[in-house]
1. When Phe375, Phe295 are ordered from fewest to most other Cβ atoms inside 10 Å of their Cβ, what list results?
2. Just to check I understand the Karplus step: with θ = phi - 60° and J = 6.51 cos²θ - 1.76 cosθ + 1.60, what whole-Hz values come out for region 112-127, glycine and proline as x?
3. What is the set of long-range amide H partners of Cys320 at a cut-off below 5 Å, with H atoms built 1.01 Å from backbone N?
4. Once the Cβ-Cβ distance between Glu196 and Ala148 is put in as r, and R0 is 45 Å, what FRET efficiency do you end up with, to the nearest 0.05?
5. Only Cα pairs under 8 Å and at least 6 apart count here; give the relative contact order of region 238-380 as a rounded whole percent.
6. Which of Leu347, Leu255 comes first, and how do the rest follow, when ranked by fewest Cβ neighbours within 10 Å?
7. Treat the count of other C-beta atoms within 10 Å as a stand-in for reagent exposure and order Ile272, Ile288 from fewest to most.
8. Give the calculated FRET efficiency between Val238 and Gln267 to the nearest 0.05, with a Förster radius of 25 Å applied to their Cβ-Cβ distance.
Amino acid sequence: MKPGQDEQSASGPTDADRNKRGMLADVITARTDEIQRRWLGRVQAEIATNRSDLAPTDLRDAIGDYLAGLADALRREQSVEHEGTAAWAHVAREHALTRVRLGFDIDQLVREFVLLRKVLFEIARDEKLMTNDFQSERLADLIEAAIAMSVRTYVESRDVADRRHQAEHIGFLTHELRNPLSTATMAATRLKKRPEVVALEAETLGMLERAHERMRSLIDGILLTQRMDAHEVECRPVDLQLGQIMPDATRAAQLEARQKGVAFDAQYDPAIHVHADPGLAVSALQNIVDNAVKFTDRGNVKVVADPQEREIVINVYDSCEGVSEAEIKTIFEPFKRAHSRKAGTGLGLAIARRAIEAHGGRIGVESSGDRGCHFWLTLPRPPH
């Protein structure tokens, strides 16, 4: 037992502890403005030194809301970790985004809360409310729970900001690529309207058309991948039936399989309901199924929907040449292709993964390495 801590408080809060917690909550509420002023002065002195561009409103953007949440947490009887996290949860993301924008690093972020903890301890001692170690640890643990959440949301926000910045650059680049592509497509279209040119250069015009389509597909794929990475594609799930998405997702693959002489079979109950964004679900399924047909030169491709209690597992089996364990590790990353001899951008599976993860689902692949692949993905069932 620590000095100054009686047996009853060592095993849990006493009635006196609860009363003092409530009194501390009341003090935080009553002296919020003073706490913010003291804290802000120290932040400006220790962290924001020589940063004349930092406005006080930016620095204390969420602290007032946090102090209100902290006071509520002190009045409740749930676990310290739960209370501390809940007190900060509703403002953590906004605070983290502000710190990323201001150029704070993680050390500065943590230091902010260390300074806030010091100010709160001073206030509590002023009011003679910090009379034993239990009270001190209680308040410290509440602040540390906020620190843990802040670091996590800061890292997430920083990564999103980095990806969004990258997406802006790529968006500019792809926009610049679209202009000459549109010009080239228009020129090819004009040539196709001239019978004498078509008669002499039909094969060349066909090559141009296919090249333009591949460039357009590449540009669209890059843009979509970057937008998903930057969290700019919103998943809007609705209740719908498999019969509303599977035909669109498999139509192109069925046609290509027929042209290649590859057997194609899709087994699913069209009446089964899923809770999914129609556009993202079709995109994910289509990319997986198209990929299976593309790399299967003989044999078959089979799509099987397996209903589970909370999700639908959609399995795609093919008889391609298989992929290695090393290839499996990177197969869902952009521009990574397991079969380099086949034409493609390596974006289809990356788009599929991001679309499925946007639903909170999972995606994976298995292969013996010698023959055949088994891709699988999950879509949630309606919550009711």
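Every number here is computed from the coordinates shown, using simple stated rules; none is lab data. Note that this is a predicted model, so its numbers are computed, not measured. Note that each Cβ is placed from the backbone with ideal geometry, even for glycine, and that neighbours are counted across all protein chains shown.
1. On the way: Phe375 24, Phe295 21.
Fewest to most other Cβ atoms nearby, the residues stand as Phe295, Phe375.
2. In residue order, the calculated couplings are 3, 6, 4, 5, 5, 4, 4, 5, 5, 5, 4, 4, 5, 5, 4, 8 Hz.
3. Sorted by chain and number, the residues that satisfy this are Gly372, Cys373.
4. Details: r = 73 Å, r/R0 = 1.63.
With R0 = 45 Å, the Cβ-Cβ based efficiency is 0.05.
5. Working: 293 pairs, mean separation 35.3, N = 143.
Normalised by residue count, the contact order of region 238-380 is 25 percent.
6. Values: Leu347 21, Leu255 12.
So the ranking, lowest neighbour count to highest, is Leu255, Leu347.
7. Values: Ile272 15, Ile288 28.
Sorted ascending by nearby Cβ count, the order is Ile272, Ile288.
8. On the way: r = 24 Å, r/R0 = 0.97.
Efficiency, from the Cβ-Cβ distance: 0.55.
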